[in-house]
Amino acid sequence: MNKILIANRGEIALRVMRTCRRLGIKSVAIYSEADANAPFVNYADEAVCVGPPPSNESYLLGDNIIKICKELNVDGIHPGYGFLSENADFARAVTNAGITFIGPSPESMEVMGDKLSAKQAVKAYGIPMVPGLDEAIEDIEAAKNHADEIGYPILIKASAGGGGKGMRVVENREEFEEQMNLAISEAVKSFGNGAVFIERYVGSPRHIEIQVLADTHGNTVSLFERECSIQRRHQKVIEEAPSAVLTPELRKAMGESACKVAEACNYVGAGTVEFLYENGEYFFLEMNTRLQVEHPVTEIITNLDLVEEQIKVARGEKLGFTQEELTIDGHSLEIRVYAEDPKNNFLPDIGTLEVYKRPTGKGVRVDDGFEEGMEIPIYYDPMIAKLITHAPTRAEAIRKMTKAIEEFDIVGIETTLDFCKYAINHDAFKSGEFDTHFVKHYFNDASVADTSTKEEKKVAGLLANYFLEKNEIKADYSPSSEIKAWEVNRV
């Protein structure tokens with residue numbers, strides 16, 4: 001593989017290009033008019049403008065991207081995350097064009113791209129799942145009866161859902177019908193798919209995911225877990241590896257379960273199996289069929305370059321290590337630095353980076369796609385950077401992250417830096433006793449009270465609505481949408 005096109009932008013495009021350069025592989029950037037002067041464009045060996053700023057006129061034009069690959073004799077496409085990364089039709093078109101798609105097969109994407117098909121695929125492998133239905137249900141009375149059997153509270157979920165859309169918690173039978181109708185309506189509006197299912201509501205979960213890597217020779221390994229429980233709007237803000245709550249026995253069990261999930265859909269490449277964890281139990285949630293935003297913490301504790309591993313697998317190479325040879329080296333934290341105002345419900349705060357000074361030092365890593373003086377475009381995800389630290393222990397990693405946050409000088413916009421500093425130094429976080437409701441439970445302290453004026457809130461609200469109503473910008477993900485912005489991730 002001599003030349004790779006990165007079908008993405010910003011920090012992930014730059015991240016992939018750095019590995020390509022180290023491996024002696026030429027890189028090709030695609031960019032919209034809004035990104036013409038972005039660092040990733042200048043870093044690439046070749047760069048091609050693909051259209052105006054809106055994603056559906058540039059980064060989402062799969063046929064145009066494939067045409068560019070043919071014109072420039074590109075061998076492979078790395079999709080990054082978001083945009084077309086989990087679009088099975090695009091992956092299939094890339095392969096049919098004789099170009100290597102650096103990711104799983106379209107068939108694996110299709111199986112894991114829908115929550116119900118994913119549950120059905122893994123149920124024969126003995127993977128723990130939240131008690132509930134593994135098929136869509138439309139009849140409200142029948143759904144009520146199933147809910148009675150499962151026991152309240154119940155969670156109604158959109159099959160194609162994500163980001164909290166099409167999701168309703170039902171406390172009792174009397175409110176079931178109303179909540180189910182609302183969930184179906186929201187699912188149709190958000191994803192064009194009204195299929196819903198029901199399961200037991202896990203009230204105080206932790207979000208723990210396992211990084212897996214599989215080659216084309218039948219080898220699948222777990223690269224251990226990431227804790228992603230600090231979230232806002234069901235989307236991750238802080239991640240760490242390893243988790244503070246898992247015992248070696250649980251880590252082994254969850255890793256084996258994650259590998260079985262990958263095997264259930266004949267997975268190849270790097271992927272992430274997500275679980276809910278509560279009171280010593282874990283339940284399969286879904287699988288993300290791509291590289292995750294938070295992959296750096298796994299790279300740091302395993303001393304592996306996941307992009308390099310993706311490229312090797314795509315070239316048909318065997319994994320260069322076994323499960324038994326993998327070990328955890330210390331502890332790593334990652335915070336996502338968003339152009340958002342935490343004091344105003346994490347609404348976007350787009351503007352110019354008047355001052356942008358990165359922290360440095362041993363055990364400090366910054367993955368970003370901006371430079372001082374640049375504007376944060378309104379067309380895309382508002383993440384400015386990922387700040388990552390590494391230390392021998394969790395406590396030291398927290399201290400190092402606190403210092404790095406203090407040294408990260410950003411002027412011109414509101415960011416999530418102060419929130420992240422607040423969160424990682426909270427007693428709940430330091431003790432490891434927290435769950436996905438951290439923001440709801442703790443982020444109402446006087447030290448982080450909202451001091452925004454009514455006019456500022458109005459402007460921020462209008463800006464947020466602009467983001468969410470844009471056709472190419474969504475606050476959630478569905479397999480049919482072709483994009484997972486605000487990362488996602490879910491984060």
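Values in this text are rule-based calculations from the coordinates and carry no lab data. Predicted model only: the values in this text are computed from it and were never measured. Counting neighbours? That spans all protein chains shown, and the Cβs are built from the backbone with ideal geometry, glycine included.
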Can you bin segment 205-251 into rounded, prolate or oblate? Criterion: square roots of the alpha carbon gyration tensor eigenvalues sorted a ≥ b ≥ c, rounded for a/c under 1.5, prolate for a/b above b/c, oblate for the rest. oblate
So which aspartates and glutamates can Lys70 reach, going by Cα to Cα under 19 Å and dropping same-chain residues fewer than 8 places off? Asp45, Glu46, Asp89
Most exposed first, judged by fewest Cβ atoms within 10 angstrom, Asp305, Asp381, Asp427, Asp418 run Asp427, Asp418, Asp305, Asp381
With a cut-off of at most 14 other beta carbons within 10 Å, and DSSP calling the residue loop, which GluC sites (Glu not before Pro) in segment 300-387 qualify? Please list them. Glu317, Glu354, Glu371
What's the center-to-center distance, using Cα atoms, between segment 154-229 and segment 376-422 in Å? 28
Give, in nm to one decimal, the length gained when the segment between Asp134 and Glu324 is fully stretched (0.36 nm per residue of separation minus the Cα-Cα distance). 65.0 nm
Which whole-angstrom value gives the distance between the alpha carbon centres of segment 33-49 and segment 242-302? 34
Give the calculated FRET efficiency between Glu396 and Lys357 to the nearest 0.05, with a Förster radius of 30 Å applied to their Cβ-Cβ distance. 0.80
Just list whichever of Lys115/Lys343; Lys119/Lys318; Lys123/Lys343; Lys26/Lys165 have alpha carbons separated by over 31 Å in the model shown. Lys115/Lys343; Lys123/Lys343; Lys26/Lys165
Determine ³J(HN,Hα), in whole Hz, for all residues of segment 393-400 in sequence, where each value follows from phi through the Karplus function 6.51 cos²θ - 1.76 cosθ + 1.60 and θ = phi - 60°; x replaces Gly and Pro. 10, 5, 4, 5, 5, 5, 4, 5
Based only on other Cβ atoms within 10 Å, what is the fewest-to-most ordering of Arg22, Arg290? Arg22, Arg290
Below 14 Å, Cα to Cα, which aspartates and glutamates can Lys67 reach? Residues fewer than 8 away in the same chain don't count. Asp75
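Could you line up Leu304, Leu14, Leu84 from fewest to most neighbouring Cβ atoms inside 10 Å?
Taking fewest neighbouring Cβ atoms as first place, the list is Leu304, Leu14, Leu84.
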Counting each DSSP H run of 4 or more residues in the chain as -39500 (n - 2.57), what helix-only mean residue ellipticity at 222 nm follows after dividing by all residues, to the nearest 500 deg cm²/dmol? -9500 deg cm²/dmol
If R₀ is 25 angstrom, what is the calculated FRET efficiency for the pair Lys70 and Leu23, using the beta carbon separation as r and rounding to 0.05? 0.65
Using +1 at the Cβ of each Lys and Arg and -1 at the Cβ of each Asp and Glu in segment 3-102, identify which of Gly62, Val48, Met17 lies farthest towards the dipole's positive end. Met17
Taking the Cα centre of segment 131-200 as origin, work out the dipole magnitude from +1 charges on Lys and Arg Cβ and -1 charges on Asp and Glu Cβ, in debye rounded to 20. 380
